[in-house]
Amino acid sequence: MNSYFSEAGLFLIDVFFSFFILMVMLRFILQWVRADFYNPISQFIVKLTNPVLKPFRRLIPGLAGIDMASIVLMLTLKFIAVLLTFALSGLPLHILIVLILSITGLIKLALYVFIFAIIIMAVASWIAPGAHSPVLGLIDQIIAPLMRPIQRWIKPVSGMDFSPLIALLILNLIIIAVPHLQNGLLSLFK
């Protein structure tokens, strides 16, 4: 019975924290790319994250146009989630290990946000080319800073834009590198 409650607790922690961390990350990315603030999806994300993010903003100023309060909030939430996971799993706690797992987890989440955004835009361009919706408009704004340099380098061939494939390749190569970085850092504590 105890095993069930531990697994259920781990699942609920993962779902709750992952969802809210994703919302804060989307807010950070939307601010970073200067996406349309009046988009209904943007408004939903802002209203959802404001109650927790506002107190952080009072304490933590931005730095060179980067919303440091969002970064600290994401890191804090991820740190608590990893800490609770360790505690419920009965694993020994080491604060630096939890911090490394938190940082690398956030890096991977950011990469996956861009990967899924590119995939959604690619599929939408096949299903309904030229269609516009609040979601697609926001996704286009999210991936534009990543896609523009690639599109300057790789021009469409016979009307086919291969830049999403190149972007996905690069992002996946970075995702492959993250566990190696994580393991390298964790090996310092063994």
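The values are calculated or read from the model by the stated rules, or taken from the named source; none is laboratory data. What you see is a predicted model, and the numbers here were worked out from it, not measured in a lab. Neighbour counts are summed over all protein chains in view; Cβ atoms, including those assigned to glycine, are modelled from backbone coordinates with ideal geometry.
Scanning segment 159-176 for residues that are assigned to a helix (DSSP H, G or I), modelled with pLDDT under 95 and small (G, A, S) turns up just one, S163. Of the residues making up segment 69-98, those that are over 28 Å from L173 (Cα atoms), among the small types (G, A, S) and in a helix (DSSP H, G or I) are A69, A87, S89.
Taking the criterion of being under 17 Å from A110 (Cα atoms) and either out of contact with any Leu (no Cβ under 8 Å at 6 or more places or on another chain) or polar (S, T, N, Q) (or both), the residues of segment 16-41 that qualify are S18, F19, L26, F28, I29, Q31, W32, V33, R34. For segment 146-174, the set of residues classified as surrounded by 11 or more Cβ atoms within 10 Å (Cβ to Cβ) and farther than 15 Å from I115 by Cβ consists of R148, P149, Q151, I154, D161, F162, listed by residue number. Within segment 58-112, track down each residue that is of a type in the set (A, V, I, L, M) and without any contact (Cβ under 8 Å) to a residue 12 or more places away in the chain. Within segment 58-112, L59, L63, A64, M68, A87, L91, L93, I95 qualify. Among the residues of segment 136-149, is there at least one that is in a helix (DSSP H, G or I), basic (K, R) and either modelled with pLDDT under 90 or over 21 Å from S18 (Cα atoms) (or both)? Yes, segment 136-149 has at least one match. Among the conditions (1) within 17 Å of I13 (Cβ to Cβ); (2) in a helix (DSSP H, G or I), the only one that P51 does not satisfy is (1). Within segment 99-109, identify whether any single residue is more than 13 Å from the chain's Cα centre (by Cα), assigned to a helix (DSSP H, G or I) and modelled with pLDDT under 85, and answer yes or no. No, that holds for no residue.
If you go through segment 121-128 one residue at a time, do you hit one that is closer than 21 Å to R34 by Cα and not in a loop (DSSP other than H, G, I, E, B)? Scanning segment 121-128, I find at least one residue that is closer than 21 Å to R34 by Cα and not in a loop (DSSP other than H, G, I, E, B), so the answer is yes.
Only one residue in S18, S42 is within 22 Å of L146 (Cα to Cα), touching a residue at least 60 places away in the same chain (Cβ under 8 Å) and not in a loop (DSSP other than H, G, I, E, B), so which one is that?
Details: S18 fails: within 22 Å of L146 (Cα to Cα).
Unique residue meeting the criteria: S42.
Residues in segment 63-83 that are surrounded by 13 or more Cβ atoms within 10 Å (Cβ to Cβ) and either more than 18 Å from the chain's Cα centre (by Cα) or among the aromatic types (F, W, Y) (or both): 2 in all.
Put simply, of M160, M147 the only residue that is in contact (Cβ under 8 Å) with a residue 24 or more places away in the chain, over 15 Å from the mean Cα position of the chain (by Cα) and farther than 30 Å from L88 by Cα is M147.
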